[in-house]
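Undergrad: This is the structure, below, for whatever I ask next.
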Amino acid sequence: MAAAEVGDDVLERDPTMERLECKVAEMLGKDAALWTPTGCMSNLISLMMHLKRGDRFLAPASAHVLGSELGTAAWLAGGMPEPLAWDGGPGRPTPEQVVKAAGGQGPYYSLRTTLLCLENTHNFAGGSCLGAASYKALVEAARGKGLKVHLDGARVWHAAVATGDSLASLCWGADTVSVCLSKGLGAPMGSLLAGSRAVVEEARRIRKMLGGGVRQGGVVAAAGLVALDYIPHLAQDHAKASALADGLISLGFKATKPETNILIVPVPKASEAVAKLESIGIRCLTVGSALRFIAHRDLATTDITDAIERIKPIADSIVS
Ligand SMILES: *Cc1c(COP(=O)(O)O)cnc(C)c1O
């Protein structure tokens, strides 16, 4: 970061930022990409481009754009949210649901559905993956109904590693894709929005409008380039989450094996459990009435065994 070559990315282009944007666009199979400070901003810019005020958009229930972005999809992008139940498994709607929810043209006074937002992996469904085939079927269903498609791919890297499908196949046909460098990949900040050249050009204007244009961005872009190098190692994080699940199951927890690096564990009193775990040096968050653990690059495999040892004496008090 200290040695990064920088320019002024507001006036022209910062060379390191441009390198990161080109690299990510190529990885995702898109024409261009735009760095944003956060994933929320890159989702918001996408929705602002796709939605007119009052347009309805579809998203899997508990999607980040629905519940975790302060309602900006409605507040700033003007969208009317319609959550889709997980008929296709955790975090996964089916193409039939998309077709049904999209509806038809209808009379002039009917609500218009214009956008499908997908999330891969689905955070609150426990890092569940959409494989390339199911993803493609959803995109085709949306396209068939004339909908645009936005993919919140904050953790699409994890989905690619877990399913063995290429990043390009998991982003295929989406008008916009948002990816995060600052989650499992470990960069201090940064997300990217990828799409066609025209989409990215417009996105650059909206990013500036939202205050997300940065000048000597190469400093953070350099960290983003380093973060991308971690992708081949993500399988280790999936294995850590899986080992944590095994350990917790052996202690009587009702964990199910995670698909990626997110482990959801239902417990009777989630907030109390978080406090108990914090007191022994283990941090997690709640998702509804469950605990959400995340495995990441800064955890060693021995940290997992250590965590299980620490939880052992208090397991019964959390489980029952
Ligand atoms: C974290 C996250 C975001 C938003 O990223 P920020 O950088 O925190 O704004 C968007 N979508 C999903 C699925 C996420 O997990």
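Undergrad: Give the lysines whose C-alpha is closer than 22 Å to that of residue 52, dropping any in the same chain fewer than 8 places away, or say none.
TA: Straight-line reach from residue 52, under 22 Å: 100, 145, 148, 208.
Undergrad: Further question on the same structure: Run through the range 21-87 and list the trypsin sites (Lys or Arg not before Pro) located in a DSSP loop whose Cβ has at most 16 other Cβ atoms within 10 Å.
TA: Values: sites: 23, 30, 52, 53, 56; in loops: 30, 52, 53.
Those that pass, being in a loop and sparsely packed, are 52, 53.
Undergrad: Which far-off residues, 5 or more places away or on another chain, put their amide H under 5 Å from the one on residue 128, with H placed in the peptide plane?
TA: HN-HN under 5 Å from residue 128: 122.
Undergrad: Which loop trypsin sites (Lys or Arg not before Pro) in the range 243-290, with loop taken from DSSP, have no more than 10 other Cβ atoms within 10 angstrom of their Cβ? Intermediate values should be presented prior to the final figure.
TA: Details: sites: 254, 269, 276, 283; in loops: 254, 269, 283.
Answer by residue number: 283.
Undergrad: Here is a further query. Whole-Hz Karplus ³J(HN,Hα) for the range 221-232, in order, using 6.51 cos²θ - 1.76 cosθ + 1.60 and θ = phi - 60°, x for Gly and Pro?
TA: 5, 4, 5, x, 5, 5, 4, 4, 5, 7, 3, x
Undergrad: What accessible area per residue comes out for the chain, rounded to a whole number of Å², with a 1.4 Å probe? Can you show the working numbers first?
TA: Details: 14110 Å² over 320 residues.
Here the residues of the chain average 44 Å² of exposed surface.
Undergrad: Based on the Cβ-Cβ distance of residue 275 and residue 10, what FRET efficiency does E = 1/(1 + (r/R0)^6) give at R0 = 45 Å, to the nearest 0.05? Walk me through the numbers before you get to the answer.
TA: Working: r = 44 Å, r/R0 = 0.99.
Efficiency, from the Cβ-Cβ distance: 0.50.
Undergrad: Could you state the angle between the C-alpha long axis of helix 197-209 and the longest principal axis of the C-alpha atoms of the chain, as a value from 0 to 90 degrees rounded to the nearest 10?
TA: Roughly 70 degrees, rounded to the nearest 10.
Undergrad: Let me ask something additional. Taking amide H atoms as placed 1.01 Å from N in the peptide plane, list the residues 5 or more away in sequence, or in a different chain, whose amide H sits under 5 Å from that of residue 286.
TA: Sorted by chain and number, the residues that satisfy this are 292.
Undergrad: Separate question: Ignoring ligands, DNA and RNA, please state the percent of accessible area on the chain from carbon and sulfur, probe 1.4 Å.
TA: Details: 7870 of 14110 Å².
The C+S portion of the solvent-accessible surface of the chain is 56 percent.
Undergrad: For the chain, give the share of DSSP beta bridges that are antiparallel, in percent and rounded to the nearest 5; count only bridges with both residues there.
TA: Working: 19 of 36 bridges.
Taking every DSSP beta bridge with both residues in the chain, the antiparallel ones total about 55 percent.
Undergrad: Please list, in chain and number order, the residues 5+ apart from residue 149 or on another chain whose amide H is under 5 Å from its amide H, with Hs placed from the backbone.
TA: Under 5 Å from the amide H of residue 149: 116, 175, 176.
The values are calculated or read from the model by the stated rules, or taken from the named source; none is laboratory data. A quick note: this is a predicted structure, and the numbers were derived from the prediction, not measured. So basically every Cβ, Gly included, is an ideal-geometry build from the backbone, and we count neighbours across all protein chains shown. Note: areas computed on protein heavy atoms with side chains; ligands, DNA, RNA excluded. Shrake-Rupley method; radii C 1.70, N 1.55, O 1.52, S 1.80 Å.
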